[in-house]
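Comments concern the structure below.
The values are calculated or read from the model by the stated rules, or taken from the named source; none is laboratory data. Note that the structure is a prediction, hence the values are computed from the model and not measured. Note: ideal-geometry Cβ built from the backbone for every residue, glycine included; neighbour counts use all protein chains shown.
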Amino acid sequence: MASHVVVMSSSARSTKVKVTPGTYMSDVLSQACQSLNVSGNFILKHKQRTVDLSVPFRIAGLPGGAKLDLVVQSKSPAPVTVAIAIPQPEGTAFPNGRLGGKYPSSFTIWQVLRQIESLPEAINAKLNITARGVASTSSGRPSGSGQLLYEQPALNIMGRELNSFQDFQKTLSQLGYNSGSVLIRLSYKTTGMTFFEAQQQMAEYFKDLEASSSANTTASTADVELPDAPAVVESAPTKSAEEASLPAQVPVASDVTALLANAPAAEPQGRITSVPALPDNPLQPVHIYAAPASSTPAAALAQINEADFAPSIVHAQMHQARLKEGGKNKRLLSDKELEEQAAAAEAKFAAVQSIEVKVRFPDNTSASWVITKDDTGAKIYKAVRTVMADNSLPFRLSIPGSREIIRDEDGPQNQVMKAHKLTGSVVVNLLWDDGVAPAARQRPFLKSSAAQAAQQIVVPDLPAAPEEEEEDKTSAFKQTRTKIMSDVGKQSDEAMKKIGKFFKLPGKK
């Protein structure tokens with residue numbers, strides 16, 4: 001059943017927009033702006049209530065013939081939590097088959113897809129969304145002469161289908177998502193155009209995106225490489241001239257985090273700054289540490305003072321200050337500030353020439369190596385096998401606190417420092433593959449020559465705090481508490497005196 005709504009602008013101009021129960025309110029907004037010949041970011045309000053632009057008319061809670069006000073939206077983009085449901089079997093590599101993050105509402109759908117591809121989890125799983133191809137032959141068989149057709153992403157957002165480059169140019173705000181969260185269901189469809197034609201259309205539709213992104217990256221467009229394709233596109237040419245027409249990548253996910261959080265990311269835990277000199281043999285470890293002699297952790301044997309864990313007035317004041325600071329509205333960083341942050345990150349990475357990688361083995365022994373910017377994951381795996389008692393057992397190296405796996409591969413794309421953005425020394429864990437037998441897991445990890453060179457880890461003794469300082473802290477805390485309680489008691493007595501005057505009977509003094 002068709003109906004209509006009336007949209008009124010701030011200049012008292014109005015237009016009538018025809019709607020059906022399935023018409024999305026974001027389409028109503030775009031039609032109204034086109035009829036009123038206005039451009040910019042707007043929202044719709046009905047009786048001072050903001051209309052949800054992401055829903056169809058039937059569930060927007062609006063009556064037929066409703067009068068809507070066209071209001072200018074704030075220029076500051078708000079963060080929107082976006083999750084993409086990855087189809088199977090690729091979705092098995094992610095929790096609940098979903099992957100996403102927080103992005104500004106001014107981001108286009110194409111930018112969001114490229115951001116998802118640049119996440120560390122997606123890189124480790126070799127997720128490819130925007131540059132997929134499928135081989136097609138004239139005979140319809142898997143082999144024979146043919147060509148590579150473009151496999152385009154098809155998105156479903158609350159029943160709305162987005163499956164063209166024109167749709168991917170729309171921003172989250174234009175689709176009605178200015179806050180909150182949204183789930184995008186991903187699928188793929190094989191188009192009739194070749195992969196080369198699709199690259200040309202990408203360069204045409206996302207030309208503005210390419211121009212804005214070129215200022216934030218030092219690599220040229222010809223250096224951009226296609227994400228790893230699935231098994232069906234193994235016949236696609238690699239590093240060919242076709243890759244030169246791909247649009248430059250949008251800023252990586254770490255830049256988006258800084259854009260929304262307005263603060264640089266903290267250094268991962270376990271990083272150290274001192275790096276020993278490079279040994280003559282790059283595969284030789286600089287340090288080998290034996291397993292602890294006691295099964296009890298050294299931290300559990302240290303003597304602690306329970307008074308150190310008692311919160312004080314200073315802790316309460318710091319907690320209140322953090323809550324107050326967290327409740328303030330923070331503006332998003334400008335383009336210039338983002339460029340400065342990106343340049344500072346590049347300069348910080350360029351200043352680091354080598355780092356120390358400490359590998360922690362399953363039997364609590366460990367060894368560390370010094371790697372440079374040119375060293376790949378294959379070199380680290382080769383170095384670890386030089387100290388193994390049985391170097392035929394399969395294993396993998398994982399960075400703690402994340403799902404990043406250092407791949408046993410060679411080549412410029414798998415340079416450890418660049419692929420994992422390492423600017424300081426790091427500790428990684430060695431994990432056995434599922435196929436390793438339990439008996440092999442229980443045997444000593446290091447070979448005899450490496451075990452003899454192992455040294456014990458020396459835990460420094462922390463100096464105990466003087467008892468006088470502890471007594472001073474306790475007395476100061478007691479004095480502060482006594483003063484607060486006395487002030488509260490005085491205020492209570494004064495309040496009771498004032499209340500007592502209301503209960504006096506008339507005629508009595």
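So for the range 200-211 (the condition being of a type outside the set (A, V, I, L, M), modelled with pLDDT of 80 or more and in the same structural domain as A85 (by TED's automatic domain parsing)), does at least one residue qualify? Yes: one or more hits. Among the candidates S173, S179, the residue that is at pLDDT 50 or above, surrounded by 14 or more Cβ atoms within 10 Å (Cβ to Cβ) and out of contact with any Asp or Glu (no Cβ under 6 Å at 6 or more places or on another chain) is uniquely S173.
Total residues in the range 19-30 satisfying the condition of being assigned to a helix (DSSP H, G or I) and either surrounded by fewer than 20 Cβ atoms within 10 Å (Cβ to Cβ) or in the same structural domain as L172 (by TED's automatic domain parsing) (or both): the figure is 2. Among the residues of the range 317-333, those identified as loosely packed, with under 10 Cβ neighbours inside 10 Å and small (G, A, S) are G326, G327. Residues in the range 163-184 that are under 19 Å from the mean Cα position of the chain (by Cα) and in a strand (DSSP E or B) were compared, and the one that is farthest from I84 (Cα to Cα) is S181. Among the residues of the range 283-316, which ones are surrounded by 12 or more Cβ atoms within 10 Å (Cβ to Cβ) and either over 30 Å from K382 (Cβ atoms) or touching a Gly at 6+ places or on another chain (Cβ under 6 Å) (or both)? Hits for the range 283-316 are A307, S312, I313.
P77 meets all of the listed conditions (1) surrounded by 20 or more Cβ atoms within 10 Å (Cβ to Cβ); (2) assigned to a strand (DSSP E or B) but one, namely (2). Find the residue count for the range 389-399, including only residues that are more than 20 Å from D375 (Cα to Cα) and surrounded by 14 or more Cβ atoms within 10 Å (Cβ to Cβ). Residues meeting the conditions: 2.
For V17, the test of being at pLDDT 85 or above and hydrophobic (A, V, I, L, M, F, W, C) is passed.
So how many residues does the range 111-126 have that are touching a residue at least 60 places away in the same chain (Cβ under 8 Å) and surrounded by 22 or more Cβ atoms within 10 Å (Cβ to Cβ)?
Our first condition is that a residue be touching a residue at least 60 places away in the same chain (Cβ under 8 Å); within the range 111-126, this holds for 111-112, 114-115, 117-121, 123-124, 126.
Subsequent filtering for residues that are surrounded by 22 or more Cβ atoms within 10 Å (Cβ to Cβ) retains 111-112, 114-115.
Result for the range 111-126: 4.
Residues of the range 399-428 that are among the small types (G, A, S) and within 14 Å of A125 (Cα to Cα): S402, A419. Kindly list, by first and then second residue, each pair from a residue in the range 270-297 that is under 22 Å from T372 (Cα atoms) to a residue that is assigned to a loop (DSSP other than H, G, I, E, B) and modelled with pLDDT under 75, limited to pairs with Cβ atoms under 7 Å and residues at least 6 apart or on different chains. That search, which allows pairs on different chains as well, returns V286/P276; V286/P279. Checking each residue in the range 337-359 for being closer than 16 Å to D374 by Cα, touching a strand residue (DSSP E or B) at 6+ places or on another chain (Cβ under 7 Å) and in contact (Cβ under 8 Å) with a residue 60 or more places away in the chain picks out S354, I355, E356, V357.
Rundown of residues vs (1) assigned to a loop (DSSP other than H, G, I, E, B); (2) among the hydrophobic types (A, V, I, L, M, F, W, C); (3) not assigned by TED's automatic domain parsing to the domain that holds I129, yes/no style:
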position: V7; (1), (2), (3): no, yes, yes
position: S10; (1), (2), (3): yes, no, yes
position: V17; (1), (2), (3): no, yes, yes
position: Q34; (1), (2), (3): no, no, yes
position: L44; (1), (2), (3): no, yes, yes
position: R58; (1), (2), (3): no, no, yes
position: L68; (1), (2), (3): no, yes, yes
position: K102; (1), (2), (3): no, no, no
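So, P63, is that one surrounded by fewer than 17 Cβ atoms within 10 Å (Cβ to Cβ), in the same structural domain as A154 (by TED's automatic domain parsing) and assigned to a loop (DSSP other than H, G, I, E, B) or not?
No.
So the check is Cβ under 7 Å with 6+ separation or different chains; which pairs have a first residue in the range 433-447 that's assigned by TED's automatic domain parsing to the domain that holds N391 and a second one that's loosely packed, with under 12 Cβ neighbours inside 10 Å? Correct list of pairs: D433/P394; G435/P394; V436/P394.
If we scan the range 99-108, do we find a residue that is farther than 30 Å from L333 by Cβ, at pLDDT 85 or above and small (G, A, S)? So that I can check it myself, show each step before the final result.
Kept after step one, since they are farther than 30 Å from L333 by Cβ, are these residues of the range 99-108: none.
No, every residue in the range 99-108 fails to be farther than 30 Å from L333 by Cβ, at pLDDT 85 or above and small (G, A, S).
For the range 280-333, a residue qualifies if it is outside any helix (DSSP H, G or I) and modelled with pLDDT under 80, and the qualifying residues are D280, N281, P282, A293, S294, S295, T296, P297, A302, Q303, I304, N305. If you filter the range 345-376 down to residues that are surrounded by fewer than 19 Cβ atoms within 10 Å (Cβ to Cβ) and acidic (D, E), you find that the one that is nearest to N414 (Cα to Cα) is D374. Annotation for the range 400-422: no member residue is in contact with a Pro (Cβ under 7 Å, 6 or more places away or on another chain), loosely packed, with under 12 Cβ neighbours inside 10 Å, modelled with pLDDT of 85 or more and not acidic (D, E).
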